[in-house]
Structures are given as C-alpha cells and as structure tokens.
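Worksheet: the structure to be examined is printed underneath.
The values are calculated or read from the model by the stated rules, or taken from the named source; none is laboratory data. Computed from a predicted model, the values in this text were never measured in an experiment. Reconstructed Cβ throughout: ideal geometry from the backbone, glycine too, with neighbour counts over all protein chains shown.
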Amino acid sequence: MDEQVAAAIRYDSSLPAPFVVARGKGELARKMLSMARAAGVPVRSDADLAERLVWLTPGEAIPQELFFPVAEILSFVLRLDPSGAVPDSLDIRGQ
C-alpha cells in the first residue's frame, strides 16, 4: 500500500501564484485531513497532484506546470461556495 500524502494550498490574489502552506506523509497526512474536515476546509482527492505538491516547501509558490490542475481545484472550491468565500486553505490528498 502506498503511503498517504496530503498538501494544503492557499490562494492570495495579491500574490502571483497559490502556495503550499503545509504538506505531509503517512500519519501527518492523516492528521492534516482530519483537521481539515473538522474545520470545514474542502478536501479534494488527487493522488498525482498531491504527490507533486508534497515535495514543495511550505511557503513555496506552486510551479507553473501545476497552475492548471491547481486552478481546477480552486474552481471546485468556488463552486462549493458561489459567494466567493474561499477558505484559508485547501487540502489535497493522495494515496
């Protein structure tokens, strides 16, 4: 069984790109997901993207090659709340 991974991203319109705020593997990933769900933060399952994001350092901007998949996820979040209220972060999980 592959180790579970998770990454939390944040988008701030005053910055040039979304960035990673946290990432983890194994038990840390499970705790991140549990905390996100408890706080009402949307969680999206995308194993390929999570595997790539988990290698970024917290505070590091999303690289250009990941802009499109991250934009799709941010769009997903906006569809959950059409008022435009984007949560502070978004967890992306993978297995």
Of the numbered conditions (1) in contact with a helix residue (DSSP H, G or I) (Cβ under 9 Å, 6 or more places away or on another chain); (2) surrounded by 11 or more Cβ atoms within 10 Å (Cβ to Cβ), Arg30 satisfies every one except a single condition; which is it?
(1)
Considering residues that are within 18 Å of Arg79 (Cα to Cα) and either surrounded by fewer than 18 Cβ atoms within 10 Å (Cβ to Cβ) or among the charged types (D, E, K, R) (or both), the number found within segment 8-27 is 3
Considering only segment 14-34, I want to know if a residue exists there that is over 9 Å from the mean Cα position of the chain (by Cα) and at pLDDT below 90.
no
Looking at Leu53, Leu78 in this structure, which one is surrounded by 11 or more Cβ atoms within 10 Å (Cβ to Cβ), farther than 25 Å from Gly26 by Cα and either of a type in the set (A, V, I, L, M) or without any contact (Cβ under 8 Å) to a residue 60 or more places away in the chain (or both)?
Leu78
